[in-house]
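Working notes, structure below.
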Number of protein chains: 2
Amino acid sequence: MRVEIWSDIACPFCYIGKARFEKGLAAFAHRDDVEVHHRSFELNPNAGDPPGAPVTTMLVEKYGLSPEQAEAAERDVAASAAGEGLEYGEGREISGSTFDLHRLLHAARTHGEKAHDALLDAFYRAHFADLLNLNDQETLLRVVTGAGVDESEARAVLADKEAYAEAVRTDEREAAQLGATGVPFFVIDRRFGVSGAQPPEVFTQALDQAYAAGGGLVTVAAAAQGTDAPVCEDGACEIPDAKP
Amino acid sequence: MRVEIWSDIACPFCYIGKARFEKGLAAFAHRDDVEVHHRSFELNPNAGDPPGAPVTTMLVEKYGLSPEQAEAAERDVAASAAGEGLEYGEGREISGSTFDLHRLLHAARTHGEKAHDALLDAFYRAHFADLLNLNDQETLLRVVTGAGVDESEARAVLADKEAYAEAVRTDEREAAQLGATGVPFFVIDRRFGVSGAQPPEVFTQALDQAYAAGGGLVTVAAAAQGTDAPVCEDGACEIPDAKP
């Protein structure tokens, strides 16, 4: 089975949702048959450098909350994070563009899903627990190398703005095609969708449901046409009839 | 809609099947909504360097065909290729490992699907039309750079045996999970499967069938638990109720 998780580093419910999903997965009987594949999503594709203001400011200015309501909203998120055993710093600032972070995540994936996952966790920790500015290149490089990525490789990715850019955009296009309007967005076997930082048992239930449905494809046969459809199964592609 | 095509460069029916699929796609009314994504498959993961013998020799030695039967089988494949307007050289030799070719294809994809497609076509042409030995590094680099890939990037990929290796293995694992035992193997929206170099009209029909089914996900809801499932839709993740 294959689970794809679209998320953005700037999204607290992605941080929390990842932990909840992992608990739900741990409770799933066939967890060893599950491959998890994190995919890119930008909540604000037009973000530039971070404006250097607390997130609560935005809640006040953009959504008309009172400063007290804004503080309470951020405290609620912090409490949800704490409920999953996650650190969450006080006074988090509005994040800037996460495009480069997603490009670096794709670069890390070329070294395997574990390398990718370690970097994603490091980004979440840096942004939500340590309140680091990941739009500052030297800070970013410290976080990235701390997660096991080779520094010269990371610098090369950052220097070439097109490196892995298409991979990020492909992820985002697919999210849109699948109907995602927000994140975290979980897709199992491209057939079942779960939206949001659901409780762990919802993920377990979704995995159970997908498992019960089976991942098999509907085979589109050509029998009606009476044609053969040559397939290569080893080096001797050309002689289907002569196969032992 | 998303079509994934698993194939191997050493597989003549992948070469032919790609052309047939493209004709079938061109006849599909919603072709502009289709994304095609080629994926890696090795028919012979244990192949080393090419043995320097014609494919017909293998047909004789491994499958007990007479030399005349073997020649006739290879002529049949050449005729199928010609039927799709594809060049097919006479006297093709047994290919070696295609693992490095697949790694290079994944590297090309970081520059977009078009770059990937151009390289795949170049590999097929080199192997089937021009009868080049792609296991010879300098020959391979000429083909790769001829398809628009930067030479230093290609050399770096070839020098680092782990570069994109995991991406190739992931493709192969997924093919196995989806039930592919041979190639070409076509999967539409992870729901419909077509095996083999089918005639173009079968691909059009499969695309019609997938379109009619709709690509939508089955939403796994959490309503029964009575919980909310926080989602980030923009920077103001924490205040779903306050959204305008």
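FYI, it's all coordinate maths here, none of it is from the lab. Everything quoted here is computed from the prediction, not taken from an experiment. Ideal geometry is used to build each Cβ from the backbone, glycine not excepted, and the neighbour counts take in all protein chains shown.
Could you give, in nm with one decimal, how far B:D160 is from each other copy of that position, shortest first, with labels 7 Å out from Cα toward Cβ?
1.0
Report, to the nearest 10°, how far helix B:113-124 tilts away from the longest principal axis of the Cα atoms in chain B, using its own Cα long axis and a range of 0 to 90°.
So the helix axis and the longest Cα principal axis differ by about 20 degrees.
With the alpha-carbon atoms as the only input, what is the per residue convex hull volume for the protein assembly as shown in Å³?
152
In whole Å and largest first, what semi-axes does the C-alpha gyration tensor of the stretch B:1-133 yield when each eigenvalue is scaled by 5 and square-rooted?
One finds semi-axes of 28, 18, 12 Å for the stretch B:1-133.
Excluding residues fewer than 8 places away in the same chain, name every one of the lysines whose C-alpha is closer than 28 Å to that of A:K114.
Cα-Cα hits under 28 Å: A:K18, A:K23, A:K161, B:K161.
With 10 Å bins from zero, work out the P(r) of the stretch A:2-237 over every alpha carbon pair and list the percent per bin.
Result, from short to long distances: 7, 28, 32, 20, 8, 3, 2, 0 percent.
So, in nm, how far is label A:K23 from label B:Q209 when the simple model puts each one 7 Å beyond its Cα toward the Cβ?
Computed distance between label sites A:K23 and B:Q209 equals 4.3 nm.
If you take all C-alpha pairs in the stretch B:65-166, what percent of them are over 20 Å apart?
The proportion of pairs with Cα distances above 20 Å equals 44 percent.
Report, in deg cm²/dmol and to the nearest 500, the calculated mean residue ellipticity at 222 nm for chain A, where each DSSP H run with n ≥ 4 adds -39500 (n - 2.57) and the sum is divided by the residue count.
Calculated mean residue ellipticity at 222 nm is -14000 deg cm²/dmol.
Going by C-beta contacts inside 10 Å, put B:E174, B:E87 in order with the fewest on the left.
Neighbour counts put them in this order, fewest first: B:E87, B:E174.
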